[in-house]
Amino acid sequence: MMEVMRTSSHANPTPTPTLNDSNTCTTLYDHLEYARVLMPLFYSIVFSVGLLGNALALHVIRPNLKKLNSTTLYSANLVISDILFTLSLPLRIIYYALGFHWPLGESLCKITGLIFYINTYAGVNFMTCLSVDRFIAVVLPLRFARFRKVSNVRFICVGVWLLVLMQTLPLLSMPMTNVESGGFITCMEYPNFEHVPNIAYMLIGAVFLGYGVPVVTILLCYSILCCKLRLSAKTNHLTDKSGRSRKAVGVICCVSLVFVVCFSPYHINLLQYMIRKLIYETDCAELTAFQISLHFTVCLMNLNSCLDPFIYFFACKGYKRKVLKILKRQVSVSFSSAVRTSPEGSSRDVVDGKKIHLNSTRYEQCVQQNGQR
C-alpha cells in the first residue's frame, strides 16, 4: 500500500509554489484591478497637498534664512526633502494607473527609486535632528550649545544627505524592473529583489538604521522634553496660565504620533518578513500577502509628506498666519466677485480696496438677523 502511494505521488506531483522559480508565483499582483484606481487617487492627493503645503512652508521659512539658526536649517532641509519626494510621485502615479506597468526603462526606474527613497529617509533623519535640536535647546542649552551653532548644523545637514545617499546607492547595483508573466513590467517592487544575495540581512540593517535609531531617538527626546515642559509649567504659574507649555506638549505629541503611525507599519512589516525569510523558505502565499501589505504600508508611510504641512499650521505662527491670509484674501475676492455679479445688488454698492461697502437694504436685514442670533 505504501509503495502504491509513493508511486502515485511521483506520478501525479502537486508542487507547492516556491520562490526558487520566479515564474511559479503568479498571484503577486492579483489586487491589480482595484490598486490601479485607488493608488493613483491616493498618490494624487498626497502630491497635491504635499507640494502646495510644503511650498508654502518653504515660502514662510525663506525670509528667516537671513537670520539662520539650527531650527530654521533643519526645517528648511525637511521641507526640501518633502518637496523633492512629492516631485517623484507623478511617474509613480502613471505606473500604478497603468496597472503596475513601467514602460520607461530600467535607468529611469532606478533614478525615480533613488529620489523616492533618498527623500523619504532624509525626511526621517531631519525630523530626528529637529527632535535632538529641541531637546538640547530646552534640556541641555549650555552643555551642548556648540551642536546648535549654524556652522556645525550646516555640516550635520550635509552629513545627513550623504548618509542617506550611501544607504540608497546599493539600489543602483540591483535590477529594479522585471517582466511579469502577464506581460507588464514592474518597477521598484520587492519581488524584483527577492533573489538578491543577502537581501534579508541588508533590509534588516536598513530598518535598524533608517527607522529603529530615529524612532527611539525621537520618542526619547520628546518624552524628556514633555516632562521638562510640564515641570516648568508647575513651577512657573505664568507659564502655566499662558497655556504655551500645554500647546508645546500637544504639538510634540502630534509630531510623535504622526511619525509612529506613518512609519511603523511599513518597517515592522518589512522586519517580520525578513526574519521569517531567514528562518525558513517562505512560499508563494506568504510572499503575495507580504507584497499586498507592502503597497498599503508604503502608502501610509508616504502620507507623512502631506501631513507635515498640517503640523506646521498648528506649530508655526508664521505658517498659520500666511495660510489664513491667503484664505482670507481668496474669500474676499470671491465675495467681491459675487457682489459685483449679483443681480440683486444695489447699483450704489462700492468695492473699495479690502473693504466692501454694501448699501443694500436686504444685506442690512441679514446683518441685523445675524446679530440677533
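The values are calculated or read from the model by the stated rules, or taken from the named source; none is laboratory data. In this text the structure is predicted, and so the values were computed from the model without any measurement. Note that each Cβ is placed from the backbone with ideal geometry, even for glycine, and that neighbours are counted across all protein chains shown.
Select from the stretch 82-105 the residues that are of a type outside the set (S, T, Y) and assigned to a helix (DSSP H, G or I) and list them in ascending order. D82, I83, L84, F85, L87, L89, P90, L91, R92, I93, I94, A97 - these are the residues of the stretch 82-105 that are of a type outside the set (S, T, Y) and assigned to a helix (DSSP H, G or I). Going through (1) under 24 Å from T86 (Cβ atoms); (2) out of contact with any Cys (no Cβ under 6 Å at 6 or more places or on another chain) one by one, I136 falls short only on (1). Might you let me know whether the stretch 149-166 holds any residue that is closer than 26 Å to S70 by Cα and of a type in the set (F, W, Y)? Checked against the condition, which is being closer than 26 Å to S70 by Cα and of a type in the set (F, W, Y), the stretch 149-166 yields at least one hit. Every test in (1) touching a residue at least 60 places away in the same chain (Cβ under 8 Å); (2) surrounded by 14 or more Cβ atoms within 10 Å (Cβ to Cβ) is passed by L130 save one, and that test is (1).
All conditions but one from (1) modelled with pLDDT under 90; (2) crowded, with 16+ Cβ neighbours inside 10 Å; (3) not aromatic (F, W, Y) apply to L84; the one that does not is (1). For the stretch 168-179, state whether one or more residues are in contact with a Lys or Arg (Cβ under 9 Å, 6 or more places away or on another chain), free of Cβ contacts under 8 Å to residues at least 60 places away in the same chain and within 27 Å of F126 (Cβ to Cβ). Yes. For the stretch 66-81, enumerate the residues that are in contact with a helix residue (DSSP H, G or I) (Cβ under 8 Å, 6 or more places away or on another chain) and either assigned to a helix (DSSP H, G or I) or crowded, with 18+ Cβ neighbours inside 10 Å (or both). Selection gives S70, T71, T72, L73, Y74, S75, A76, N77, L78, V79, I80, S81.
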